Amino acid sequence: MLKLEAYKKVIVSATVAASVAVLAVGCVEDVKPENTSSTKSAKVAIDGGSVYPVVNGKTGPYYAPEQKLAHHLNYGRVPNAAELAAWDTDLQPVSELSPEGHGIPEGQGSVEDGEELYDAKCVMCHGDFGSGGGGYPALSKGNAEEMHKTLTNNRWKDPEAPGPVRVFGSYWPEVTTLWWYIRDGMPHPFSDSLTDDEVYALTAYILNINEMSIDGEEVDDDYVLTREKFLKIVMPNVDGFEPNIRGANALPGVRAYFANAKNFGAQNLNQGAVRCMHDCQKATAQVKHIKFGGIKDFTPPMSTVRDLPAKKAEKLDVKKTYTAACAMCHDSYLAPGAPEWSGYTANGMDEVYAKGMKGTEGGMPAKGGTDLSDADFKTMADYLVSGKVK
Amino acid sequence: MAKKELQEEKTLARRDFFKKTAAASVTALAGTSLFAHESAGAGDPAIMNHTKWGQAWGDPVDKFHYGQPSPYEHNNVRRATSLLSSGNFRASIAVTPIHESEGIITPNGLFFSRSHGGTAYVNPNEYRLMIHGLVEKPIVLTLAQLKRYPSVTRTHFIECPANGGQEWRGPQFNSVQFAKGFMASAEWTGVYIKTILEDLGLKPEAQWMLAEGSDNSKMGRTVPVDKVLDDAMLVWGQNGEALRPEQGYPVRLLLPGWEGNLCVKWLRRLEFSQEPWYCKEETSRYTDLKPTGKAIQHFYANEVNSTVTSPSPEIPWTDVKEGDIVEIEGLAWSGMGTITGVDISFDGGKNYVEAQLKGLVLPKSWTRWSYMYKIPKNFQENGKQIILASRAMDDAGYIQPTIDQEVSVMGVEAVYHRNAVETWEVTESGKVNHVEIRSV
């Protein structure tokens, strides 16, 4: 039953990629590694870093008694089938090893139903057609294949150039990620509230606004997404990531990738990097200052003064509270005094108050996610509906 | 003098003192000595006068059943900014005031706080941890059962890989709290996952472990078994007490040195599999897009890094003068090993000298470094304002890159894992500005 020994062998067999010859350019100085009395192993971890095996009862500086237990501890219990089914609900993508993926449920949903759901539960944060909004991510910036081409955009040499577009259609390598996250994490204030068919419908709609196709067929406005079709989705950026993590023998490749500092922009003194001590900069080196004063809207404001805190104002500041807690969604949906409020106030303000305090399916968290008193919340609701501070 | 008169005089003097101190603390920032009045012979009122707290009962010992910082420390707090306010501050971050941090441990209340669906408040009595998949024996544990395993205690930092990630294209934050405070450090207590697996038996085809949280976002990440069988821990203790809710109470995953995002909080499930998962936060985010158009996924470790923490834009050198000997202090850390040395530069990285490490030097831990420095006239050397830079090395051989070196491979769109040398310019008045040195 104890299979760990086999693993340990695999791990320690991963060695550093052949060390690169040190290029004697400029100022090479003696590297004096201090404090190397640690019990660091000569082996390299999967991340390219140090390993500290237990040697003489210590790992690095820590005492680590390795007690061989005579028998098993047998804590806890085996979960039953119902418990496993309740929690083992993750999705894994279709792959060579798993042609059906893992955990992808039966079900279906249409683009049409998805759009309706989206407009009811998602648009207030993610914007029209997934265009994004204050503080919430965009879901599309147009045609997925076209957006995918922007991933080589890099504002390194030209800060004014367009940057890469990293949204679902252009960047995400697997569609299972979208389905899984919608079901478990969305809508953000009310997660775990959608049916599988609703998740298929929303997925269909998001494929639609990303102008994607499945198996050569365009996900148009009449498209109905089923599990079978879902299994055939290939994302434009499916091969856009390194190192490879797919397949039955992926780990050696991951180890090799991080054993080479050049792959991830690192400098390693054992792989030819130089610890320059004198005259280390190019003549073109420039000091870049923060532009336009930089970002300063810190909460609370920056201060290092040691005085007694000001007494907190008890009075509700309507405008401030709106900006801090409501504006992110309400600026684009049911803004203060917006005419659309008339659709909600027909039964009087008490119903508006009650719904707002409880939270709504439309994405409004209970009391907008604030800890306002009922009275203060009602004042805020009055402001939202009327656009006027009383 | 009558007793009453004496008392009045004392009261007046004290009022005067408070006025003066208030004024002095303002002028001190402008470079005037707080002790200017000593030469006048009156003596420092802080010495000459009785104090409020020295002449009356203090609080009873049972006033606070859980102690609080001095009210005077109310500005030593986590801070947030609207730039990073996603999800109404529920998919957001509040950062650690590292300009006020002492030593290599962050107090639990100041530990940076990052969540993807808000801070969850888990009922420990309803806490369950399920471990299943490619194990010989799947189990479900209560919190009490988990804590029965033999525990280990380790000091490690946790760092958001986006620490400094807002500044790939240029400096934005004139603040060390925001430029480098997406991290904190604690002494963690928990159990090695390999200890539990000795009991459960891991199947040989297992390559990956899913760690899943129970929070609103069901935050999940895929972890290679190499780490699980090396130093991965399930922790319930933070600096001698239970984890704070912001740190995943009652149990979080701790992968020493790796992305904070991988250290899944409010942990409820570990599943072992032959194939990886593609969770949302390991593809849509937490991936480093290179100029080639390819992105690094599974970028595990926070690489070797350092910064000056004193002076800082927050606590500058406006109260020191030419000839003063001051300690320049900073932090160095590496998720890939143990810090072996730190070099310091006064010309923005053109020339370096060695700084000194101090205190405990532990693997994958914050490490303090120090350099005693004589303040030059107008904070200038060779006719130029000094620009402080620090460059750390670790025992895996890694050394911090320059910005040019890092950008030449990673471009400027990577968002995460930016560990290039940081630079801090000191102005003629002793103010400190965050700057970047670039040749491109």
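The values are calculated or read from the model by the stated rules, or taken from the named source; none is laboratory data. These figures come from a predicted structure and were not determined experimentally. Note: ideal-geometry Cβ built from the backbone for every residue, glycine included; neighbour counts use all protein chains shown. SASA here: full protein model, heavy atoms, side chains in, ligands and nucleic acids out. Shrake-Rupley method; radii C 1.70, N 1.55, O 1.52, S 1.80 Å.
Some points to look at:
- Each residue of the range B:387-396 is assigned a 3J(HN,Hα), and the resulting list reads 10, 7, 9, 10, 9, 9, 10, 10, 7, 8 Hz, derived from the Karplus form 6.51 cos²θ - 1.76 cosθ + 1.60 (θ = phi - 60°), x at Gly and Pro.
- Just so you know, the averaged projected area of the alpha carbon convex hull for the protein assembly as shown sits at 41.1 nm².
- For the segment B:169-177, counting C-beta atoms of other chains within 10 Å of every residue's C-beta and taking the mean gives 5.
- Taking every residue in B:216-226 and counting other chain Cβ atoms within 10 Å of its Cβ, the average works out to 5.
- At most 16 other Cβ within 10 Å, DSSP loop - chymotrypsin sites (Phe, Trp or Tyr not before Pro), the range A:47-129: A:Y75
- Above 20 Å, the calculated P(r) of the range A:130-235 contains 43 percent of its Cα-Cα pairs.
- Only protein atoms count toward the accessible area here, which uses a 1.4 Å probe; on the range A:318-386, the carbon and sulfur part of that area reaches 56 percent.
- Placing pseudo-labels 7 Å out from each Cα toward the beta carbon at A:K232 and A:Y333 gives an inter-label distance of 3.3 nm.
- Contact order, relative form, for chain A: 18 percent (alpha carbon pairs under 8 Å, 6 or more residues apart, mean separation divided by residue count).
- Per residue value of the accessible surface for the protein assembly as shown (all protein chains in place, 1.4 Å probe), Å²: 45 Å²
- Per-residue [θ]222 nm for the protein assembly as shown (sum of -39500 (n - 2.57) over DSSP H runs n ≥ 4, rounded to 500): -5500 deg cm²/dmol
- Length released on extending from A:W341 to A:T323, taking residue separation times 0.36 nm less the Cα-Cα span: 4.6 nm
- When chains B and A come together, the accessible area they lose, probed at 1.4 Å and totalled over both chains, is close to 12700 Å².
- Computed over the range A:318-386, the range of Cα coordinates on each principal axis works out to 27, 22, 21 Å, biggest value leading.
- Lys-Lys pairs in the range B:305-435 that are eight or more residues apart or on separate chains and whose Cα atoms lie under 27 Å of each other come to 17.
- Globularity ratio of chain B, using Cα Rg and 2.2 N^0.38 Å: 1.13
- On the principal axes of its alpha-carbon atoms, the range B:82-293 has extents of 53, 44, 29 Å, going from largest to smallest.
- Neighbouring partner chain Cβ atoms per residue of A:170-180, average, 10 Å criterion: 4
- Expressed as a whole percent, the accessible surface of the range B:82-293 that belongs to carbon and sulfur atoms is 47, based on a 1.4 Å probe.
- Chain A: angle of helix A:196-209 to the longest principal axis, Cα-based, in degrees nearest 10: 80 degrees
- The share of accessible area on the range A:67-148 that comes from carbon and sulfur is 53 percent, using a 1.4 angstrom probe.
- With every protein chain in place and a 1.4 angstrom probe, the accessible-area ranking of B:R128, B:R269, A:R183, largest first, reads B:R128, A:R183, B:R269.
- Spherically averaged projected area in nm², based on the convex hull that wraps the Cα atoms of chain A: 31.3 nm²
- Nearest-ten-degree value, helix A:111-121 long axis tilted from longest Cα axis of chain A: 80 degrees
- GluC sites (Glu not before Pro) within the range A:321-390, DSSP loop, no more than 15 other Cβ atoms inside 10 Å: A:E361
- Put B:R221, A:R77 in order of accessible area, highest first, and with a 1.4 Å probe you get A:R77, B:R221.
- Sorted into 5 angstrom bins from 0, the C-alpha pair distances of the range A:48-175 split as 2, 7, 8, 9, 12, 11, 10, 10, 9, 8, 8, 6, 1, 0 percent.
- Hydrodynamic radius (Kirkwood) for the range B:302-398, which is based on Cα pairs only, to one decimal in Å: 13.9 Å
- The range A:263-315: trypsin sites (Lys or Arg not before Pro) in DSSP loop, at most 11 other beta carbons within 10 Å: A:K311, A:K312, A:K315
- Of the peptides B:88-98, B:345-355, the order by per-residue mean of other Cβ atoms within 10 Å, starting with the highest, comes out as B:88-98, B:345-355.
- Length-normalised contact order of chain B in % [C-alpha pairs under 8 Å, at least 6 apart]: 15 percent
- The order of B:D394, A:D128 by accessible area, most exposed first and with a 1.4 Å probe, is A:D128, B:D394.
- Rounded to 5, percent antiparallel among DSSP beta bridges of the protein assembly as shown: 90 percent
- The C-alpha atoms of chain A define a longest principal axis, and helix A:4-13 lies at about 70 degrees to it.
- The range B:58-147 - convex hull of alpha carbons, volume per residue in Å³: 218 Å³
- Stretching A:A138 away from A:D158 to a fully extended chain increases their span by 4.8 nm, per 0.36 nm per residue minus the current alpha-carbon distance.
- Comparing the range B:93-197 with the 2.2 N^0.38 Å rule of thumb, its C-alpha radius of gyration ratio is 1.39 (two decimals).
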